[in-house]
Amino acid sequence: DQQVKQNSPSLSVQEGRISILNCDYTNSMFDYFLWYKKYPAEGPTFLISISSIKDKNEDGRFTVFLNKSAKHLSLHIVPSQPGDSAVYFCAASGVGGAQKLVFGQGTRLTINP
Amino acid sequence: EPEVTQTPSHQVTQMGQEVILRCVPISNHLYFYWYRQILGQKVEFLVSFYNNEISEKSEIFDDQFSVERPDGSNFTLKIRSTKLEDSAMYFCARLPLNYNEQFFGPGTRLTVL
(Lines give C-alpha, C1' and ligand atoms only; values in the text may rest on other atoms or scores of the structure.)
Protein backbone atom coordinates (compact mmCIF):
# COMPACT_ATOMS: atom_id res chain seq x y z
CA ASP A 1 0.00 0.00 0.00
CA GLN A 2 1.89 3.03 -1.28
CA GLN A 3 -0.80 5.69 -1.27
CA VAL A 4 1.63 8.31 0.01
CA LYS A 5 5.21 8.29 -1.23
CA GLN A 6 8.30 10.21 -0.30
CA ASN A 7 10.83 9.11 -2.87
CA SER A 8 13.86 10.73 -1.28
CA PRO A 9 14.97 8.87 1.85
CA SER A 10 17.48 11.58 2.67
CA LEU A 11 18.36 15.17 1.83
CA SER A 12 21.38 17.25 2.80
CA VAL A 13 21.21 21.06 2.68
CA GLN A 14 23.58 23.80 3.71
CA GLU A 15 22.53 26.06 6.55
CA GLY A 16 20.77 29.17 5.28
CA ARG A 17 19.70 27.58 2.01
CA ILE A 18 16.25 26.34 1.05
CA SER A 19 15.20 22.77 1.85
CA ILE A 20 12.56 21.25 -0.41
CA LEU A 21 10.92 18.00 0.60
CA ASN A 22 8.57 16.27 -1.80
CA CYS A 23 5.60 13.97 -1.44
CA ASP A 24 3.33 12.24 -3.96
CA TYR A 25 -0.02 10.58 -3.39
CA THR A 26 -2.24 8.34 -5.43
CA ASN A 27 -5.61 8.46 -3.69
CA SER A 28 -7.74 11.28 -5.14
CA MET A 29 -10.04 11.06 -2.10
CA PHE A 30 -7.40 12.58 0.15
CA ASP A 31 -8.62 15.96 1.32
CA TYR A 32 -6.13 17.16 3.89
CA PHE A 33 -2.35 17.00 3.92
CA LEU A 34 0.07 17.42 6.77
CA TRP A 35 3.77 17.50 7.44
CA TYR A 36 5.23 16.11 10.64
CA LYS A 37 8.76 16.38 11.96
CA LYS A 38 10.24 13.57 14.02
CA TYR A 39 13.32 13.33 16.17
CA PRO A 40 14.68 9.93 17.29
CA ALA A 41 12.81 8.40 20.23
CA GLU A 42 10.07 11.05 20.06
CA GLY A 43 6.60 11.17 18.57
CA PRO A 44 5.84 12.99 15.33
CA THR A 45 5.42 16.73 15.85
CA PHE A 46 2.89 18.56 13.71
CA LEU A 47 4.50 21.18 11.50
CA ILE A 48 2.11 22.54 8.90
CA SER A 49 -0.97 21.43 6.95
CA ILE A 50 -2.97 22.29 3.88
CA SER A 51 -6.52 21.66 2.77
CA SER A 52 -7.24 20.45 -0.75
CA ILE A 53 -9.06 23.70 -1.51
CA LYS A 54 -5.80 25.61 -1.23
CA ASP A 55 -2.56 25.43 -3.16
CA LYS A 56 -0.29 27.13 -0.64
CA ASN A 57 -0.02 27.57 3.10
CA GLU A 58 2.71 29.47 4.86
CA ASP A 59 3.83 29.56 8.47
CA GLY A 60 7.03 31.43 9.18
CA ARG A 61 9.93 29.64 7.51
CA PHE A 62 7.70 26.78 6.39
CA THR A 63 5.56 26.75 3.27
CA VAL A 64 3.58 23.84 1.89
CA PHE A 65 2.54 23.75 -1.76
CA LEU A 66 -0.16 21.47 -3.13
CA ASN A 67 -0.58 20.55 -6.79
CA LYS A 68 -3.80 18.53 -6.95
CA SER A 69 -3.62 17.78 -10.65
CA ALA A 70 -0.18 16.24 -10.19
CA LYS A 71 -1.10 14.73 -6.80
CA HIS A 72 2.05 16.28 -5.41
CA LEU A 73 2.91 18.39 -2.41
CA SER A 74 6.12 19.88 -1.19
CA LEU A 75 7.46 21.47 1.97
CA HIS A 76 9.83 24.41 1.66
CA ILE A 77 11.98 25.48 4.59
CA VAL A 78 13.83 28.74 4.18
CA PRO A 79 16.26 29.57 5.55
CA SER A 80 17.25 26.12 6.78
CA GLN A 81 18.68 25.91 10.29
CA PRO A 82 20.66 23.14 12.06
CA GLY A 83 17.67 22.50 14.35
CA ASP A 84 15.65 21.52 11.29
CA SER A 85 17.66 18.30 11.02
CA ALA A 86 15.10 15.53 11.56
CA VAL A 87 12.94 13.03 9.69
CA TYR A 88 10.00 14.68 7.91
CA PHE A 89 6.84 12.72 7.23
CA CYS A 90 4.15 13.65 4.77
CA ALA A 91 0.66 12.46 5.73
CA ALA A 92 -2.77 12.58 4.14
CA SER A 93 -6.33 12.04 5.30
CA GLY A 94 -9.75 11.76 3.71
CA VAL A 95 -12.73 14.06 3.93
CA GLY A 96 -13.65 14.96 7.49
CA GLY A 97 -11.15 16.04 10.10
CA ALA A 98 -11.21 12.81 12.10
CA GLN A 99 -10.00 10.48 9.39
CA LYS A 100 -6.93 8.27 9.88
CA LEU A 101 -3.59 9.55 8.65
CA VAL A 102 -1.73 7.74 5.88
CA PHE A 103 1.99 8.42 6.11
CA GLY A 104 4.82 8.44 3.65
CA GLN A 105 8.11 6.70 4.38
CA GLY A 106 9.81 9.86 5.59
CA THR A 107 12.78 11.93 4.43
CA ARG A 108 15.78 12.45 6.68
CA LEU A 109 16.85 16.08 6.39
CA THR A 110 20.36 17.04 7.45
CA ILE A 111 21.32 20.70 7.66
CA ASN A 112 25.07 21.21 7.38
CA PRO A 113 26.68 24.24 9.03
CA GLU B 1 -0.15 22.40 21.59
CA PRO B 2 -2.35 19.91 23.44
CA GLU B 3 -0.35 17.52 25.58
CA VAL B 4 -0.44 13.77 25.92
CA THR B 5 1.76 11.35 27.81
CA GLN B 6 2.36 7.67 27.21
CA THR B 7 3.44 4.99 29.64
CA PRO B 8 5.65 3.10 29.80
CA SER B 9 8.31 4.68 27.63
CA HIS B 10 9.86 1.27 27.03
CA GLN B 11 8.31 -2.17 27.54
CA VAL B 12 10.22 -5.42 27.16
CA THR B 13 8.17 -8.60 27.14
CA GLN B 14 8.41 -12.25 26.26
CA MET B 15 6.61 -13.59 23.20
CA GLY B 16 3.09 -14.71 24.10
CA GLN B 17 2.72 -12.32 27.02
CA GLU B 18 0.06 -9.63 27.28
CA VAL B 19 1.02 -5.97 27.30
CA ILE B 20 -0.99 -2.83 28.00
CA LEU B 21 0.16 0.49 26.66
CA ARG B 22 -1.34 3.65 28.13
CA CYS B 23 -2.06 7.10 26.82
CA VAL B 24 -3.13 9.98 29.07
CA PRO B 25 -4.45 13.12 27.41
CA ILE B 26 -4.24 16.25 29.50
CA SER B 27 -7.46 17.74 28.24
CA ASN B 28 -10.63 16.26 26.91
CA HIS B 29 -10.77 14.95 23.38
CA LEU B 30 -13.30 12.94 21.47
CA TYR B 31 -11.04 11.21 18.98
CA PHE B 32 -8.06 9.03 19.83
CA TYR B 33 -5.81 6.99 17.64
CA TRP B 34 -3.11 4.38 17.90
CA TYR B 35 -0.32 4.17 15.33
CA ARG B 36 2.86 2.13 15.26
CA GLN B 37 6.22 2.42 13.56
CA ILE B 38 8.34 -0.67 13.05
CA LEU B 39 12.01 0.25 13.00
CA GLY B 40 12.95 1.79 9.67
CA GLN B 41 9.41 1.74 8.31
CA LYS B 42 6.59 4.22 7.95
CA VAL B 43 4.12 5.17 10.66
CA GLU B 44 1.04 2.93 10.29
CA PHE B 45 -2.52 3.49 11.47
CA LEU B 46 -3.91 0.85 13.83
CA VAL B 47 -7.24 2.07 15.19
CA SER B 48 -9.34 5.14 15.84
CA PHE B 49 -11.62 5.53 18.84
CA TYR B 50 -14.53 7.93 19.02
CA ASN B 51 -17.00 8.45 21.80
CA ASN B 52 -15.81 5.27 23.55
CA GLU B 53 -16.16 3.09 20.49
CA ILE B 54 -13.86 1.91 17.71
CA SER B 55 -14.63 3.99 14.63
CA GLU B 56 -12.09 2.45 12.25
CA LYS B 57 -9.38 -0.20 12.39
CA SER B 58 -6.70 -1.38 10.02
CA GLU B 59 -5.87 -4.90 8.87
CA ILE B 60 -3.05 -4.93 11.41
CA PHE B 61 -5.56 -4.52 14.26
CA ASP B 62 -6.61 -8.15 14.53
CA ASP B 63 -8.18 -10.06 17.41
CA GLN B 64 -4.95 -9.84 19.41
CA PHE B 65 -5.47 -6.10 19.80
CA SER B 66 -8.05 -4.20 21.81
CA VAL B 67 -8.56 -0.62 22.93
CA GLU B 68 -10.55 0.93 25.70
CA ARG B 69 -10.90 3.99 27.85
CA PRO B 70 -11.47 2.30 31.19
CA ASP B 71 -11.73 5.28 33.50
CA GLY B 72 -12.71 8.08 31.11
CA SER B 73 -9.17 9.41 31.10
CA ASN B 74 -6.55 6.78 30.22
CA PHE B 75 -6.73 5.36 26.71
CA THR B 76 -5.21 1.88 26.51
CA LEU B 77 -4.00 -0.47 23.80
CA LYS B 78 -3.80 -4.12 24.80
CA ILE B 79 -1.97 -6.82 22.90
CA ARG B 80 -3.12 -10.16 24.26
CA SER B 81 -0.39 -12.49 23.04
CA THR B 82 2.60 -10.62 21.71
CA LYS B 83 4.57 -11.79 18.70
CA LEU B 84 8.09 -10.92 17.67
CA GLU B 85 6.73 -8.78 14.84
CA ASP B 86 4.83 -6.60 17.31
CA SER B 87 8.13 -4.99 18.27
CA ALA B 88 7.72 -1.33 17.31
CA MET B 89 7.15 2.20 18.57
CA TYR B 90 3.50 2.68 19.45
CA PHE B 91 2.11 6.19 19.30
CA CYS B 92 -1.10 7.49 20.74
CA ALA B 93 -2.61 10.49 18.95
CA ARG B 94 -5.58 12.69 19.63
CA LEU B 95 -7.67 15.16 17.70
CA PRO B 96 -8.57 18.08 19.96
CA LEU B 97 -11.81 19.93 19.57
CA ASN B 98 -11.61 22.68 16.94
CA TYR B 99 -8.45 21.24 15.41
CA ASN B 100 -7.91 19.46 12.10
CA GLU B 101 -4.51 18.10 13.07
CA GLN B 102 -3.70 15.04 15.16
CA PHE B 103 -1.16 15.47 17.93
CA PHE B 104 1.07 12.58 18.90
CA GLY B 105 2.42 11.38 22.19
CA PRO B 106 6.10 10.54 22.72
CA GLY B 107 5.52 6.85 22.06
CA THR B 108 6.16 3.53 23.80
CA ARG B 109 8.93 1.33 22.52
CA LEU B 110 7.75 -2.28 22.67
CA THR B 111 10.38 -5.00 22.44
CA VAL B 112 9.18 -8.59 22.17
CA LEU B 113 11.81 -11.24 22.87
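With the convex hull drawn around the C-alpha atoms of the protein assembly as shown, the volume per residue stands at 122 Å³.
The A-B contact accounts for roughly 1700 square angstrom of buried accessible surface, both chains included, probe 1.4 angstrom.
What a 1.4 Å probe finds exposed on the protein assembly as shown is 47% carbon and sulfur by accessible area, rounded to a whole percent. Shown here for the range A:1-89: GluC sites (Glu not before Pro) in loop regions (DSSP other than H, G, I, E, B) with at most 14 other Cβ atoms within 10 Å, namely A:Glu15.
Shielding value for B:96-102 is 5, the average number of Cβ atoms from other chains within 10 Å of each residue's Cβ.
Of B:Asn51, B:Asn98, B:Asn74, which is the most mobile in a GNM of chain B whose springs link Cα atoms less than 10 angstrom apart? Fluctuation is largest for B:Asn98. Remark: mean inter-chain Cβ contacts per residue of B:77-84 equal 0, using a 10 Å Cβ-Cβ cutoff to other protein chain atoms.
When its C-alpha radius of gyration is set against 2.2 N^0.38 Å (N residues), the range B:4-44 gives a value of 1.42. Would you mind pulling out the separation of the Cα centroids of the range A:84-113 and the range A:1-80, in Å? Cα centroid to Cα centroid, the span is 6 Å. Per residue of peptide B:40-46, the mean number of Cβ atoms on other chains within 10 Å of the residue Cβ is 6. What is the log10 of I(q)/I(0) for the range B:4-112, computed with the Debye formula using one identical point scatterer on each Cα and no solvent, at q = 0.21 Å⁻¹? Reported log10 I(q)/I(0), two decimals: -1.15. With each label modelled as a point 7 angstrom along the Cα→C-beta vector, the A:Arg108-B:Gln64 pair spans 2.8 nm. Ligands, DNA and RNA are left out, and with a 1.4 angstrom probe the accessible area of the protein assembly as shown is 49 Å² per residue.
What FRET efficiency, computed as 1/(1 + (r/R0)^6) with R0 = 45 Å and r the Cβ-Cβ distance, is obtained for A:Asn7 and B:Ser73, rounded to the nearest 0.05? Calculated value: 0.60. For chain A, just say rounded, prolate or oblate: build the C-alpha gyration tensor, square-root its eigenvalues into a ≥ b ≥ c, call rounded for a/c under 1.5, and beyond that prolate if a/b exceeds b/c, oblate if not. Judged from the Cα gyration tensor, chain A comes out prolate (a/c at least 1.5, a/b above b/c).
For the residues B:Glu59, B:Glu85, B:Glu68, a GNM of chain B with alpha-carbon springs under 10 Å puts the largest fluctuation on B:Glu59.
The values are calculated or read from the model by the stated rules, or taken from the named source; none is laboratory data. Every value quoted in this text rests on a predicted model; they were computed, and no experiment measured them. Every residue, glycine among them, receives a Cβ derived from its backbone with ideal geometry; neighbour counts consider all protein chains shown. Keep in mind that these areas ignore ligands, DNA and RNA; they rest on the heavy atoms of the full protein, side chains included. Shrake-Rupley method; radii C 1.70, N 1.55, O 1.52, S 1.80 Å.
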